[in-house]
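In what follows, a structure is listed as structure tokens, so that the remarks can point back to it.
The values are calculated or read from the model by the stated rules, or taken from the named source; none is laboratory data. Please read these numbers as outputs of a predicted model, since none were measured by experiment. Glycine gets a Cβ as well: all are built from the backbone with ideal geometry, and neighbour counts include every protein chain shown. Ligands, DNA and RNA are stripped out before the accessible areas are found, and what is left, the full protein with its side chains, is counted by its heavy atoms. Shrake-Rupley method; radii C 1.70, N 1.55, O 1.52, S 1.80 Å.
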Amino acid sequence: MTESAPTTPPTTCAAPSSAPPPSTSASAPPPSALPTSAPDARDGAPAPAGTPVPAPLSGLRVLDLATLFAGPLAATLLGDFGADVIKVEHPTRPDPSRGHGPAKDGVGLWWKLLGRNKRAITLDLSTPGGRDLLLRLAARTDVIIENFRPGTLEKWGLGWTELSLANPRLVLTRVTGFGQFGPYAHRPGFGTLAEAMSGFAAVTGEPDGPPTLPPFGLADSIAALATAYAVMTALGGRTLTGRGQVVDMAIIEPILTVLGPQPLWYDQLGFVQPRTGNRSTNNAPRNTYRAADGSWLAVSTSAQSVAERVMRLVGRPELIAEPWFTTGSGRAQHADVLDEAVGGWIARHTRAEAMAAFERAEAAIAPVYDIRDVMADPQYRALDSVTEVPDPELGTLRMQNVLFRLSETPGAIRWAGRPHGADTGAVLAELGLSASEIGALRADGAL
């Protein structure tokens, strides 16, 4: 594989134009300029006006040992805001995400998204040479993210005991299906299992239909967000103690958290939330409705005032006077009546007509988009939510931008996913290895 350094100029995600224009220089410093272990972040004097400001996680080094998908996405989120992320893959078994989904010219497109802002190296951690190199990298690293089954790193002599000895300030982030202990800890775990076991599938789908799984990595994605948060929290702890620690992230837990008060409802009331399709047990009308032109629209009336506006708009103001209309749960118990009123009105109008009328009434409505609509929508375009990224393999790519905008220290997409092992030589040279030493490690199968 080629080992040229990534040079793609960054695509930044800065504040909207109504804010004072921030610096958009969010490129990472050259790897040789990175400290061996990032200093603790502290408040300091503001930079003079016009001075380029580094990305907020510049100087933070992350080793991404994980695959499919929670751990790698967490590393991507850190890389988007300046962390130097080094993706470590097996020499002959790359991260399976390189082969997931559609490819163009033999290049996996999902990897271009998941591997962005990462330098790609190969190591066989089960070999003595690979183990020694990882320990040397760990000594210069702030965070390791891994998702091997519990006990695997320990089997290779790379457990917390060895890693923390190499670097007492290291944060070891362990992302698994079920966590590091308990009766299921050693089971293989994937996001699909978390979506089933958390209760998500049980409450998703039509009342008379089967439990429904999402058609994408929902649990993994939620766990990735939680993992990035956990990493930053652990680094905050390091500021206080001077020591690193282990993060234990079980994919079954973050999705349980976002499902809301279901455990509390069951504990206090014995209530088990049923499947209700697109309806809610908390308010109505809340559903998707088909317009006269065949398109679909979603309506939400979480606020009482919005529910009243909708009823006036669709010509059923008398329903507002009903005693049950005064609460969301009361309206939910009469969803058939409300859906008939709203659905009947929308069915007589095109999407554009319904959207315009709801907007004039200050009522909440949205079109049901597919990805073609998302790419063309003026609000997404204004936010640059899907941005252009130059790529030496495939040309200009369009992918989701960094997750949020910062007015002073914006994130950036510096490059898309790199080829397998593209940066092995450069990263190992930073460790002081000579070309002959690197060649010998390749011959031994460590790289």
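Consider the range 388-405 and keep the residues that are open to solvent by less than 50 Å² (accessible area, probe 1.4 Å) and farther than 20 Å from ALA103 by Cβ. The one that is nearest to the chain's Cα centre (by Cα) is VAL402.
Filtering the range 83-115 to residues that are among the charged types (D, E, K, R), open to solvent by 10 Å² or more (accessible area, probe 1.4 Å) and not in a strand (DSSP E or B) leaves ARG93, ARG98, ASP105. Filtering the range 316-332 to residues that are touching a residue at least 24 places away in the same chain (Cβ under 8 Å) and either open to solvent by 50 Å² or more (accessible area, probe 1.4 Å) or aliphatic (A, V, I, L, M) (or both) leaves ARG316, SER329, ALA332. Selection of the range 197-218 for residues being within 18 Å of LEU113 (Cα to Cα) and either touching a Ser or Thr at 6+ places or on another chain (Cβ under 7 Å) or of a type in the set (Gly, Ala, Ser) (or both) yields only GLY217.
Residues are listed down the side, and each one gets a yes or a no for (1) in contact (Cβ under 8 Å) with a residue 60 or more places away in the chain; (2) on the phi < 0 side of the Ramachandran plot; (3) in contact with an Asp or Glu (Cβ under 7 Å, 6 or more places away or on another chain):
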site	(1), (2), (3)
MET375	no, yes, no
VAL389	yes, yes, no
ASN401	yes, yes, yes
LEU406	yes, yes, no
ARG418	yes, yes, no
LEU447	yes, yes, no
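For the range 352-371, the count of residues that are open to solvent by 50 Å² or more (accessible area, probe 1.4 Å) and touching a Lys or Arg at 6+ places or on another chain (Cβ under 7 Å) is at least one.
The requirement of being open to solvent by less than 30 Å² (accessible area, probe 1.4 Å), over 20 Å from ALA75 (Cα atoms) and touching a residue at least 60 places away in the same chain (Cβ under 8 Å) is fulfilled somewhere in the range 204-215, by at least one residue. Residues that are open to solvent by 20 Å² or more (accessible area, probe 1.4 Å) and outside any helix (DSSP H, G or I) within the range 305-315 comprise just one, GLY315.
Per-residue answers, yes or no, for (1) among the acidic types (Asp, Glu); (2) part of a loop (DSSP other than H, G, I, E, B); (3) under 14 Å from ASP248 (Cβ atoms):
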| site | (1), (2), (3) |
| --- | --- |
| ARG136 | no, no, no |
| LEU153 | no, no, yes |
| LEU163 | no, no, no |
| ARG169 | no, yes, no |
| GLY182 | no, yes, yes |
| PRO188 | no, yes, no |
